[in-house]
Amino acid sequence: MSALPLRLFGTVSYSFYLLHPICLKVVKVIAVDYLGHPLSRTNNFLFTLLLTFLLSTLTYTYIEKPFLKK
């Protein structure tokens, strides 16, 4: 696990696990409401992956990490 992207994903994996259903729903709703049609499966997967990873990084940094220090 010396590759930085794999270590980073492993670090935020619990947040990722918790947030991915919410992000999936958000991406689907935004696509339909603002684009007027659903995204393809590939685009849905990519946008959900990106959004979930960003939110997971934020929640790990500002919520999980401070509790791990105590």
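Across segment 30-45, a minimum of one residue is classified as surrounded by fewer than 10 Cβ atoms within 10 Å (Cβ to Cβ), modelled with pLDDT of 95 or more and among the polar types (S, T, N, Q). Only one residue in Lys69, Lys25 is surrounded by fewer than 13 Cβ atoms within 10 Å (Cβ to Cβ) and at pLDDT 95 or above. Which one? Testing whether each residue is surrounded by fewer than 13 Cβ atoms within 10 Å (Cβ to Cβ) and at pLDDT 95 or above leaves just Lys25. Scanning segment 1-52 for residues that are among the β-branched types (Val, Ile, Thr), touching a helix residue (DSSP H, G or I) at 6+ places or on another chain (Cβ under 6 Å) and over 20 Å from Lys65 (Cβ atoms) gives Val27, Thr48.
The values are calculated or read from the model by the stated rules, or taken from the named source; none is laboratory data. What you are looking at is a predicted structure, and each value in this text was computed from that prediction instead of being measured. No Cβ is skipped: glycine too gets one built from the backbone with ideal geometry, and neighbour counts run over all protein chains shown.
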